1. Fewest Cβ neighbours within 10 Å first, please rank 92, 118 accordingly.
2. In debye, nearest 20, what is the charge dipole magnitude of segment 24-110 about its Cα centre with +1 on Lys and Arg Cβ and -1 on Asp and Glu Cβ, if you could check?
3. Going by how many other beta carbons lie within 10 Å of each one, how would you line up 51, 73, fewest first?
4. Local charge sum around residue 76 (other residues, Cβ-Cβ under 15 Å, Lys/Arg +1, Asp/Glu -1)?
5. What residues qualify as long-range amide H neighbours of residue 117, i.e. H under 5 Å apart, gap of 5 or more or another chain, H built at 1.01 Å from N?
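Coordinate-derived values only; no laboratory data. Just so it is clear, the model here is predicted, and its values are computed rather than measured. Glycine also receives a Cβ, built like all others from the backbone with ideal geometry; neighbour counts cover every protein chain displayed.
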Amino acid sequence: MRKYVVALALVVVSVAVWVASASASANPKVFSLLAVDNGKGQPFNGFMFDRAPRAGDQFPISEDLYKWAGVKRGAKVGHDAGAAMFLTVTKTSGSMVFNVQANLPGGTLIVSGIGPATNGPAPFTLAVVGGTGKYADAHGYVKVRGMSGNKTNLDFNLQP
């Protein structure tokens, strides 16, 4: 389950990065990023996925963000950092709250919301709720999809 939770977290971060790279325009800005766990996150309150999660358990999100080059990883465009907390947990599912800041050239994007906690990858959508610098008025959403190997695809849709 940890592998899928980390993949889900990566997707959330990737979405934040795509949103950050979009500039304000009259039309929605749609783009995709690849989030890859960079191993820099430090455990919170001793929870290290060495046991089944319980409501209230938290884990860090720390990923490098990349553009896609076809179906392969392209150039690095930034990184993200944040936290996820389990809200509910059952043997097969649950829910988590995510709060992530994507650091991109020219500013940051803030992504937040509730997503599923499952024993396998499950796509979900989080809100882009703001940012700084050239993304100060950013809003929209990011679709997060876990991939193999602690990678996440982030499909951003920024509204004008």
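1. So the residues, fewest neighbours to most, are 92, 118.
2. Values: 9 positive and 6 negative charges, 47 e Å.
That gives a dipole near 220 debye.
3. Details: 51 8, 73 14.
Listing 51, 73 from fewest to most nearby Cβ atoms yields 51, 73.
4. +1
5. 94, 95, 96
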